[in-house]
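The values are calculated or read from the model by the stated rules, or taken from the named source; none is laboratory data. Given the structure is predicted, the values throughout are model-derived calculations rather than measurements. Cβ: placed from backbone, ideal geometry, glycine included. Neighbour counts: every protein chain shown.
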């Protein structure tokens, strides 16, 4: 779930690189960062009994919708010219790498906050803790 938006957007950015479209690459990266931030902060406010697979399916559907809207015609022309499709295993590996990187980044942020937040907060705020 957490690596999915970044992995999908990364693959779309690579497509724009192949098509030599640098402005679209930048806007697609912005989409990726925005969607990932929304997923992370939005998942905090979901009820505890929300099924994770449903949430992940919605995110995957949104990424697919963005891909079809932004690159559908480009990809169709690409395949019509006889170019090959990438391996699904390669896409799975990219998703796995981005998921692990996202988990590591979140862990690092939470770990650093647990160490440095008590030093930054005023003492009167920590007295009840």
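In table form, for the structure just shown:
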read-out: Top-ranked residue of the range 76-106 - restricted to ones that are more than 16 Å from the chain's Cα centre (by Cα) and in a helix (DSSP H, G or I), ranked as farthest from residue 44 (Cα to Cα); value: 80
read-out: Residues located in the range 4-32, provided they are at negative phi and either touching a strand residue (DSSP E or B) at 6+ places or on another chain (Cβ under 6 Å) or in a loop (DSSP other than H, G, I, E, B) (or both); value: 19, 21
read-out: Checklist (1) more than 16 Å from residue 32 (Cβ to Cβ); (2) at pLDDT 85 or above; (3) surrounded by 12 or more Cβ atoms within 10 Å (Cβ to Cβ) applied to residue 101, failing item; value: (1)
read-out: Some residue of the range 72-90 being surrounded by 10 or more Cβ atoms within 10 Å (Cβ to Cβ), closer than 16 Å to residue 5 by Cβ and either in contact with a helix residue (DSSP H, G or I) (Cβ under 6 Å, 6 or more places away or on another chain) or at pLDDT 85 or above (or both); value: no
read-out: Neighbours by Cβ (under 7 Å, 6+ apart or cross-chain): first from the range 61-89, within 16 Å of residue 27 (Cβ to Cβ); second outside any helix (DSSP H, G or I) and at pLDDT 85 or above; value: 74/19
